[in-house]
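Structure first, commentary second.
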Amino acid sequence: MRRMKKINKTTKSNLITYAIVIALFAAVQILTSAGAISSLLQGLLVPLCAYIILAVSLNLTVGILGELSLGHAGFMCVGAFTSAFFSKCTAELIPVAGVRYLFALLIGAAAAGLCGILVGIPALRLKGDYLAIVTLAFGEIIKNVVNILFIGRDSEGFHFSTKDSLSLGLLPDGEVIVNGPQGITGTPKDSTFTVGVILILVTLFIVLNLIHSRSGRAIMAIRDNRIAAESIGINVTKYKLMAFSISAALAGVGGVIYAHNLATLTAQPKNFGYNMSIMILVFVVLGGIGNIRGSILAAIVLTLLPELLRGLSDYRMLIYAVVLIAMMLFNWSPKAIEWRERHSAKFKRKKQKEV
Amino acid sequence: MALLEVKNLGISFGGLRAVNAFHLNIEKGCLYGLIGPNGAGKTTVFNLLTGVYRPDEGIILLDGENIVGKKTIEINKTGIARTFQNIRLFKELSVKDNVKAGLHNHYRYSTLEGIFRLPNYYKKEKEMDEKAMKLLSVFDLDQEADTLAANLPYGKQRKLEITRALATNPKLLLLDEPAAGMNPNETKELMETIRFVRDTFDMTILLIEHDMKLVSGICEKLTVLNFGEALCEGDASDVLHDPEVIKAYLGE
């Protein structure tokens, strides 16, 4: 009987998380149809879905695996560009948007996951902060590689160059697909808010079920004590690599959503650089390391806040900073944790009395 | 044939000869003690047995199989489990999950079966839960199954570490200073637990300990290690009265 209760507890907690996402989705849909959401905010909805997926996936690395990654935007970049490249190439070949998008998702996730494995194999064998340094470098390298990459297509097939679009030597019927710093133009805009929310739910399903399974237990055991995990026969390298590559693949999914929402996809410091990686990390830290639901809420609040405060013009970023600090204190200061625990205990007692 | 047979084991760290020409014979079902002054190389012997270090020379036979050169994970699968001098639990996991982590290699299902919640997931998780609760109730920890390991009192953390090691279904259990930091009452309870483990699980146990009361109380055989070499070995009562051993511990 006790056991049944336990299983129900984790399942219940997972269901609440799904329910929160669905409720928020419904709320946004109602507000949109009532015309209460500005077009500016509506434009933010799809990137917001991408950010939530990135925050949840980074939490898998930072909170569950316990390794610091500073290059999550790099994996997003890989997913974005491979999928955008695929979608643009096959826009005529596969006219059904849904099918094309599904393939784009698989390709983006697979490419990002593969990069995760390649980065992880050397970096995850080391102890300490090496993964942070390697991923930081990886993020910057990917961004710069994309900026010098020129790919064109004509009747003879694909042409590559790292110099400029002229040196591709395309025939008159050819077109430039990836145009260096100008990026990819004309990706079909297949991402919608609904698709984004469905993908958030899929991401949550994968991450939450992974955590509450044999592999998830192994991953968290490694996080808590690597030496003890080894001593009871858990293959440390395998599970570290598994968690990290799943995290990278899901970041790739975030990239696919992001890419298919833009007319022109370019790799700039703003969207795929160090700043972006740190922003995602801020979502994770503020939401609570290892707390998946917190990551979602932090991503929503911190993405929408600057836009909602736009009316305050000059004070906008000031308030944003104050909110950041306040959230940080509330989440992590020992006094605040104590206060929260005391009050949640009171709340629980009251509940028990009622029962 | 002895369950564990160690012959001519040696390892050096730089110029330091940490363990030299060490040998050990442990019969099945024996409660064996490894004692010696600080820095004698006791924990190094444990680390050699569990594959943390690779010996420079010598062989280690577990049930007749040479395990030298195997990795820690493989040695655990072959049948050696251990606890640590400074407790190493999975602190952010529940007590039950700590034990279930120990069952990792005995109830297998793939990651995909776990993510997609296929029937095998439910079947194996149920079996794991049952096995874990059975082990925990043996050690009187079943009331705390859902508590975080970090929140257990010290004595119970020690017990949980032993439970987790037993969950890997070993042939030989290594305990590294199990009574460290315990008060006399807790030590007494621990002695009963260790004896209980040996009798209930028909386990062979090798333990390192400084607490002479515990050693003389439960160990049947002893090896005394001094400066990396076996100074003396044999029945516990004989060894503890050996003048050489007294000299090593107390000086002349």
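What the table below lists for this structure:
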item: Taking chain B and dividing mean pair separation by its residue count, relative contact order in percent (alpha carbons under 8 Å, at least six apart); result: 27 percent
item: Globularity ratio of region B:88-169, using Cα Rg and 2.2 N^0.38 Å; result: 1.09
item: For region A:234-323: Kirkwood Rh in Å [reciprocal of mean 1/r, alpha carbons]; result: 15.4 Å
item: Principal-axis tilt of helix A:72-89 within chain A, Cα atoms, nearest 10 degrees; result: 40 degrees
item: Percent RCO, i.e. relative contact order, over chain A, from Cα pairs under 8 Å lying at least 6 residues apart; result: 28 percent
item: FRET efficiency estimate (nearest 0.05) - Cβ-Cβ, A:THR10 to A:ARG316, R0 35 angstrom; result: 0.30
item: Förster-model FRET efficiency, 22 Å R0, B:HIS106 and B:THR147, C-beta, rounded to 0.05; result: 0.40
item: Over region B:88-169, relative contact order from alpha-carbon pairs under 8 Å, at least 6 apart, %; result: 51 percent
item: Antiparallel bridges, percent of DSSP beta bridges restricted to the protein assembly as shown (to nearest 5); result: 65 percent
item: More than 31 Å apart - percent of Cα-Cα pairs taken over chain B; result: 27 percent
item: Proximal lysines relative to A:LYS270, as straight alpha-carbon distance under 18 Å, when same-chain residues fewer than 8 apart are discounted; result: A:LYS143
item: Angle in degrees between helix A:236-259 and the longest Cα principal axis of chain A, rounded to the nearest 10; result: 60 degrees
item: Sites matching trypsin sites (Lys or Arg not before Pro) across region A:138-235 that sit in DSSP coil, with at most 15 neighbouring C-beta atoms within 10 Å; result: A:LYS163, A:LYS189
item: Neighbour-count order for A:SER213, B:SER137, fewest beta carbons within 10 angstrom listed first; result: B:SER137, A:SER213
item: B:THR200/A:LEU201 FRET efficiency (R0 45 Å; Cβ-Cβ; nearest 0.05); result: 0.45
item: Quarter of the Cα convex hull surface for the protein assembly as shown, i.e. its orientation-mean projected area (nm²); result: 36.0 nm²
item: Over 22 Å (Cα to Cα) - which of A:LYS240/B:LYS159; A:LYS335/B:LYS156; A:LYS240/B:LYS156; B:LYS71/B:LYS171 fall in this group; result: A:LYS240/B:LYS159; A:LYS335/B:LYS156; A:LYS240/B:LYS156
item: Nearest-ten-degree value, helix A:39-59 long axis tilted from longest Cα axis of chain A; result: 70 degrees
item: Extension gain, A:LYS346 back to A:THR237 (0.36 nm per residue minus Cα-Cα distance, nm); result: 34.9 nm
item: Exposure proxy order (Cβ contacts within 10 Å, fewest to most) of B:HIS210, A:HIS159; result: B:HIS210, A:HIS159
item: Sorted peptide list for A:33-42, B:165-174, A:58-67, criterion being average Cβ within 10 angstrom, highest first; result: A:58-67, B:165-174, A:33-42
item: Taking the convex hull of Cα positions in region A:11-308, its mean projected area over all directions (nm²); result: 16.4 nm²
item: Calculated [θ] (222 nm, deg cm²/dmol) that DSSP helices of n ≥ 4 give over the protein assembly as shown, each run adding -39,500 (n - 2.57); result: -18500 deg cm²/dmol
item: Order of A:SER245, A:SER13 under a 10 Å beta carbon neighbour criterion, fewest first; result: A:SER13, A:SER245
item: Shielding score for B:89-99, defined as the mean number of other chain Cβ atoms within 10 Å; result: 4
item: Estimated distance in nm for a label pair at B:GLU127 and B:LYS247, the labels positioned 7 Å out from Cα along Cα-to-Cβ; result: 5.7 nm
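Values quoted throughout were computed directly from the atomic coordinates according to the rules given, and no laboratory measurement underlies them. Only a predicted model underlies this, so the values are computations on that prediction, with no experimental measurement involved. Here Cβ is always computed from backbone atoms with ideal geometry, including for glycine, and neighbour counts include all displayed protein chains.
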